[in-house]
Amino acid sequence: MTPDMKVTIAGVELANPLMTASGCCGYGEELANLYPLSKLGALVTKSITLKPRLGHPVPRTAETASGMLNAIGLANVGIDDFIREKIPFLAKQKTVVIVNVAGSAIDEYVEVSARLNDQPAVDMIELNISCPNVNEGGMEFGANSRLTEQSVAAVRKVFSRPIIAKLSPNVTSIADIADAAAQGGADAFSVINSLVGTSVDVDSWRPRLTNNKGGLTGPAIKPVALAMVNAVYERSRLPIVGIGGIATWSDAVEFMLCGATAMQVGTALFIDPFTPVKIVNEMKTYLKKKKISAARDLVGKVRKY
Amino acid sequence: MIKPACEDAYLIQSKDLRNSYYSLTFGSFSKAGQCRPGHFVHVQLPCSDVFLRRPMSVASVSRGKKEIEIILKVLGRGTRMMSDLKKGDRINILGPLGVPFRLPRRSQTVIMVAGGVGFPPLLYLATEMVAKGHDPVLIEFFYGGRSAGDIVEKPRIKKLGLKFHPVTEDGSLGSLGLVTQAVEEYITSRKGTVKPVMYGCGPEGMLKATDELGRKYGVGGQLSLEAPMPCGIGICLGCVVNLRQGGHARVCCDGPVFDIGEVIL
């Protein structure tokens, strides 16, 4: 018997629990050249801001031990071009479309989200209140309970479909921030965004990123992400989308056991763009072997001491 | 756009070309036949020490045999590990990637500007042109390095029958100076008699000087750029360059080959 891979996030059914992470798959066009996007549970776009952004000067990525740093700086086409040039493509894809929304002020989140509310191709939005790479806004919202609640509540008024709040790990208590996002009206959480980090060249004494610091991602952060997913799971009843270093089927299973209903693959796409497709297939084999009929039965089942 | 393969290939030959240069030939790569001059492959090493793939331009292919050759210079951890690979070792190849060179018209005089480890894609381009019937004497192959040791695969380049112009900064081989100085002398001495097209690949300074020469003397052509690139397929936005017309281009998928004058170098 083929295991049931379907999961539901805030009433939206996904064909399987694997999504691409924001900032790691553009607007989907490049991956669509490699495989049908219907193989993904959902596609999460690059962060969209009100105005187009070129991002930070290069170098804006740096390799680290089992991971990488990035300070792309929310490079994106802006909401006008996104709607005009990218939405028509996304509307044709047979997958759930989640648009990541970023801003430097609450008004910007609201305006972008309101524009997306008029686009039926957008199934959900993910609020990036946790980007470590912009000087203004971004992580500031997600590091403060009051601002988190305010920004989610403001967007809630203009966006009628599900809102996922993307939470920052760069906080004292991620569960407290999750509470605030839920209070503001979030329907789900994605946990975690990248960890603030840096790296320095010992010859030039220069940071390896022109932004001087960036976000650490990849397998190096997986243990941190798992603990944070579990902390949010134990606090809140809202569904969690787990993110952080997922590269194999066993990584995905760990996230589900810790409380994630779905997972996003980010940095691993840079090593192997087929990663989410492979994970879905290999998870099926695992579930069959374990005689588990549905992937969702794994959620939160970690047997803690 | 070619759909790249993402698959394991095996080292079938490793040749030490001296001075930290190595030629590696990988077999069992199903898309070898689709690798054009200017394409690159993104190579994943079978060890956890090197996390990201490494972009390597294709130096030659053996279509029927599904083999591709890359030539590298050991510069860091990734290239060091690649040079240590043994016959039969497995690596994973994603490719072919990027936009390849546009081949010139057969009657055109072609100036190749190669600097250091930038020569492999131009070697492939020249080989392909000659194979397609381009008269080799129309190809002026300028190849610069710090000293004689940096100019590798000389017999192979000369065997194509093209005009070979080695240039070294210390004068230990060919003319003394920078490769772009030799190219400028060539262009000015032939001005008005030939209308050449130029192809360049090499270090940043060389590319910048080549681009300036192209614009100064009205010589069109293409340059192949290098950049650290995590993904190689356009999804991470880590390898952008500034375009003269404004905005960004991704080296990995909008390039690595760009027209002279297109990019702010």
Item to check | Matching residues, region B:1-45, being within 14 Å of another protein chain (Cβ to nearest Cβ), more than 18 Å from the chain's Cα centre (by Cα) and more than 17 Å from B:V74 (Cβ to Cβ) | outcome: B:M1, B:I2, B:K3, B:P4, B:A5, B:C6, B:E7, B:D8, B:K31, B:Q44
Checklist entry - Can you name the strands (runs of 3 or more DSSP E) wholly within region B:1-112 that have at least 2 residues being at positive phi and surrounded by fewer than 20 Cβ atoms within 10 Å (Cβ to Cβ)? => result none
Checklist entry - From the list A:N100, A:N117, A:N128, A:N70, which one is surrounded by fewer than 16 Cβ atoms within 10 Å (Cβ to Cβ) and in contact (Cβ under 8 Å) with a residue 40 or more places away in the chain? => result A:N117
Checklist entry - Any idea which of (1) touching a Leu at 6+ places or on another chain (Cβ under 9 Å); (2) surrounded by fewer than 19 Cβ atoms within 10 Å (Cβ to Cβ); (3) in contact (Cβ under 8 Å) with a residue 40 or more places away in the chain is the one B:P120 doesn't satisfy? => result (2)
Checklist entry - Looking at region B:71-109, which of its residues are polar (S, T, N, Q) and more than 14 Å from chain A (Cβ to nearest Cβ)? => result B:S83, B:S107, B:Q108, B:T109
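Taking region A:44-55, which residues are facing chain B (nearest Cβ under 10 Å) and out of contact with any Phe, Trp or Tyr (no Cβ under 7 Å at 6 or more places or on another chain)?
Within region A:44-55, A:P52, A:L54, A:G55 meet the criteria.
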Item to check | Condition met for A:P17 (more than 9 Å from every other protein chain (Cβ to nearest Cβ), under 18 Å from the mean Cα position of the chain (by Cα) and not acidic (D, E)) | outcome: yes
Checklist entry - within 18 Å of B:I2 (Cβ to Cβ) and either assigned by TED's automatic domain parsing to the domain that holds B:L125 or of a type in the set (K, R) (or both), is that true of B:K73? => result no
Checklist entry - Would you pick out the residues in region B:191-250 that are among the β-branched types (V, I, T), out of contact with any helix residue (DSSP H, G or I) (no Cβ under 8 Å at 6 or more places or on another chain) and not in a loop (DSSP other than H, G, I, E, B)? => result B:V197, B:V240, B:V241
Checklist outcome for this item: Checking A:P57, A:P17, A:P52, A:P36 in turn, the sole residue that is closer than 29 Å to B:V50 by Cβ, modelled with pLDDT of 95 or more and either crowded, with 18+ Cβ neighbours inside 10 Å or of a type outside the set (A, V, I, L, M) (or both) turns out to be A:P57
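The values are calculated or read from the model by the stated rules, or taken from the named source; none is laboratory data. All figures in this text were calculated on a predicted structure; none of them were measured in a lab. Using ideal geometry, Cβ is built from the backbone for each residue, glycine included, and neighbour counts are taken over all protein chains shown.
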